[in-house]
Amino acid sequence: MASELASMFPKLGSLGTSDHGSVVSINLFVALLCACIVIGHLLEENRWINESITALIIGLGVGVVILLISGGKSSHVLVFSEDLFFIYLLPPIIFNAGFQVKKKQFFVNFITIMLFGAIGTLISCAIISLGAIKFFKKLDIGFLDIGDYLAIGAIFAATDSVCTLQVLHQDETPLLYSLVFGEGVVNDATSVVLFNAIQNFDLSSVNPTIALRFIGNFLYLFLASTLLGAATGLLSAYIVKKLYFGRHSTDREVALMMLMAYLSYMLAELFYFSGILTVFFCGIVMSHYTWHNVTESSRVTTRHTFATLSFLAETFLFLYVGMDALDIEKWKFVSDSPGLSVAVSSILMGLILLGRAAFVFPLSFLSNLMKKSSEEKITFRQQVIIWWAGLMRGAVSMALAYNKFTRLGHTQLQDNAIMITSTITIVLFSTVVFGLMTKPLISLLLPPQRQLSTVSSDANTPKSLTAPLLGSQEGSEVDLNSQDLPHPPSLRMLLSAPTHKVHRYWRKFDDSFMRPVFGGRGFTPVAPGSPTEQEP
């Protein structure tokens, strides 16, 4: 397709046709990214449209234009690539989310997040797989074995945390943001690990031994990925604290943080861990230690650099998906039986709705049983929003579907083409319809005055640059260190405030052992000419 577009333009100098085609493709995407930024700015106050939907619609529109120009041969200038998504686009998005997340809110709800992200994903996968087995056999869409049905469950159990990040805001709805976003990260990691396990395990004879091996493998991957991310973040903090690059060049500090963050993801991929979990926890550790060890100018630069890279990756991703949605090669295979394709998509969408409801409401009830304070419990209205916001499917589902049902982005089998087109249909429908309705739904169920009443600040995150960067008497951490908080003298009182107790012990350990070695909030390196030298 790129060569066909290139033929419509004169050659530039000595560039060959293939080289010029790449230049045309890059120019097209850069221009579209600029258009998305401008249009997104103009629609900033719109209660319906967000930047994900804007980029998706623009991608669809451009895909239609390219399809017409090419005479119906193709609608994109790039073939959907799993490597492009998993290696280049996803890492900056997940890292920035971990780097700027409010850690107190995240870890306070950690058990609930794990229930939703891990247990909930398994429940959703099981329901989708069982439903697909029951209904697809009646439709006779082709030969699908047990591994294919389980893979379908893993594919459509993966939520779209990217779109969710643009719909919810942690300053306006901190509890919902931490739950939905935290679940999204764990969900993506669980879905990918589950999908890979299904691909690697021999499912011809399922027995308890295989089930135990799978559970052990998942727990190992989760723990190893988390520890690798934390270790990489601590290593970066130690290097920056000891060498203090800022005395010579803040550029080196920023470059080192960026490279160490990406290194954590690639190391996880190298050792077959979950890169999503690794880079997420690397971002959390870097924001807690490394970010406070650099100069003030580097803090501002890193915060905006990571946010900008994440924003560009998100926008490019939805443009990419929108343009690839009109891939004529796969739609030709289902053109003879459009009713079958619609039926498959409808069944899968119904199973997604059912599968998510099957764990959100029961697990929310279970989570509420473990919480003593009524303010910490998840209300029914919040449960509805959590259920709704997690219905969107995105690039993770598409990447897994392409991995399972295509070879290098192409397929010559009708049943595989039906699964790909059904995935595309569900991604477009869920992103546009559910994405359009999420903001109004939040405004309806949680009026602004109720949202604002739950806002809490977290001084230990790079998200807030308006507060003193190195202050030690601000934010929620001081509240938990205050002498006014009673020390639980008994097991019963400990169970009534487990989060506060665990946080108190962590703060003591952090202040006594971790910060003296790795730096962090309160660490003020002084070097000639450094910005921190002039601080009072």
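One residue is enough: does the stretch 276-291 have a residue meeting the conditions in the same structural domain as ALA97 (by the TED database) and open to solvent by 40 Å² or more (accessible area, probe 1.4 Å)? So far as the stretch 276-291 goes, no, none of its residues is in the same structural domain as ALA97 (by the TED database) and open to solvent by 40 Å² or more (accessible area, probe 1.4 Å). Within the stretch 395-415, the set of residues being open to solvent by less than 30 Å² (accessible area, probe 1.4 Å) and at negative phi comprises ALA395, VAL396, SER397, MET398, ALA399, LEU400, ALA401, TYR402, PHE405, THR406, THR411, ASP415.
For (1) open to solvent by 80 Å² or more (accessible area, probe 1.4 Å); (2) farther than 12 Å from PHE318 by Cβ; (3) hydrophobic (A, V, I, L, M, F, W, C); (4) assigned to a helix (DSSP H, G or I), each residue gets a yes or a no:
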residue: VAL23; (1), (2), (3), (4): no, yes, yes, yes
residue: ASN27; (1), (2), (3), (4): yes, yes, no, yes
residue: LEU32; (1), (2), (3), (4): no, no, yes, yes
residue: VAL38; (1), (2), (3), (4): yes, yes, yes, yes
residue: GLU44; (1), (2), (3), (4): yes, yes, no, no
residue: ILE57; (1), (2), (3), (4): yes, no, yes, yes
residue: LEU68; (1), (2), (3), (4): yes, yes, yes, yes
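Summed over the stretch 373-384, the residues that are of a type in the set (A, V, I, L, M) and either in contact with a helix residue (DSSP H, G or I) (Cβ under 6 Å, 6 or more places away or on another chain) or open to solvent by 80 Å² or more (accessible area, probe 1.4 Å) (or both) give a count of 1. A Cβ distance below 7 Å, combined with a sequence gap of six or more or placement on separate chains, defines the contacts here; from the stretch 342-357, residues that are closer than 21 Å to ILE385 by Cα reach no residue that is outside any helix (DSSP H, G or I) and open to solvent by 10 Å² or more (accessible area, probe 1.4 Å).
One residue alone among MET349, MET370, MET392 is surrounded by fewer than 15 Cβ atoms within 10 Å (Cβ to Cβ) and not assigned by the TED database to the domain that holds ALA35, and that residue is MET370. The single residue among LEU15, LEU5, LEU78, LEU42 that is at pLDDT 75 or above and not β-branched (Val, Ile, Thr) turns out to be LEU42.
The selection criterion, being over 18 Å from SER298 (Cβ atoms), assigned by the TED database to the domain that holds VAL101 and of a type in the set (Val, Ile, Thr), holds for THR232.
The single condition from (1) in contact (Cβ under 8 Å) with a residue 60 or more places away in the chain; (2) out of contact with any Asp or Glu (no Cβ under 9 Å at 6 or more places or on another chain); (3) under 29 Å from VAL517 (Cβ atoms); (4) open to solvent by less than 10 Å² (accessible area, probe 1.4 Å) that ARG247 fails is (4).
The values are calculated or read from the model by the stated rules, or taken from the named source; none is laboratory data. Treat the numbers as computed from the prediction; the structure is a model and nothing was measured. Counting neighbours? That spans all protein chains shown, and the Cβs are built from the backbone with ideal geometry, glycine included. Ligands, DNA and RNA are excluded from the accessible area calculation, which covers all protein heavy atoms including side chains. Shrake-Rupley method; radii C 1.70, N 1.55, O 1.52, S 1.80 Å.
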